[in-house]
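What follows is a set of notes on a single structure, which appears directly below.
The values are calculated or read from the model by the stated rules, or taken from the named source; none is laboratory data. Treat the numbers as computed from the prediction; the structure is a model and nothing was measured. Glycine gets a Cβ as well: all are built from the backbone with ideal geometry, and neighbour counts include every protein chain shown. Protein only, heavy atoms only, side chains kept; ligands, DNA and RNA dropped before computing areas. Shrake-Rupley method; radii C 1.70, N 1.55, O 1.52, S 1.80 Å.
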Amino acid sequence: YGLKEFLKGKRFAGAEKLEDLIEQQIDAGMPVFGKRLAVYHDEYGYGKHYAVPHETGLIDLVLIDQAADILYAVVLKPNTAGVAVYDQIKRYTQGLEQRTAKPVRGIICLHQPKEALVAKVKDDESIELFSYHVAFKKLG
């Protein structure tokens, strides 16, 4: 689990743990990213580590809002990221839209965004930026 890294920054050491957590929340019927989503699958594959044509790399998660029939390409970064992740998600959303002919939006989820990334996403309504923080808080 990368315990030393987690304790230092209250973040996951690898994106796989974050993927698993999101998938478990979906399986339990919980909203993720403020939406009721499901893991997408089609004849090309399952929505975890999904490949799009003519694109290197795999989309961490492809989720679907079944009520609105909108796909979400999700890129997860366990630490911090800059503008390069924005370029990555744009390529993924465009490739996924071409493959599925469905409307596609992008979600970037990371521990701490760089200011340039925040500014870039602020100007693009098709991409949402989320940060995550893991903590256990004693009550009472």
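Worth a mention:
- Mean residue ellipticity (222 nm) of the chain, computed from DSSP H runs ≥ 4 via -39,500 (n - 2.57), nearest 500: -10000 deg cm²/dmol
- Cα-projected label distance for LYS102 with ASP42, points at 7 Å along beta-carbon direction, nm: 0.7 nm
- Accessible-area ranking of ARG99, ARG91, largest first, probe 1.4 Å: ARG91, ARG99
- Taking the inverse of the mean 1/r over every pair of distinct Cα atoms in segment 91-140 gives a Kirkwood hydrodynamic radius of 13.1 Å.
- Per residue solvent-accessible surface (Å²) - segment 35-140, probe of 1.4 Å: 56 Å²
- In this rough spin-label picture, where each label sits 7 Å from Cα along the Cβ direction, the ALA135-MET30 distance is 1.7 nm.
- Accessible area of the chain belonging to carbon and sulfur atoms, whole % at 1.4 Å probe: 52 percent
- Computed accessible area, THR100, all protein chains, 1.4 angstrom probe, square angstrom: 30 Å²
- Relative packing of 126-135, 52-61, which averages over residues the other C-beta atoms within 10 Å, highest first: 52-61, 126-135
- The angle separating the long axis of helix 15-27 from the principal Cα axis of greatest extent in the chain is about 70 degrees.
- In this structure the amide hydrogen of SER131, modeled in the peptide plane, comes within under 5 Å of the amide hydrogens of LEU110, none closer than 5 places in sequence on its chain.
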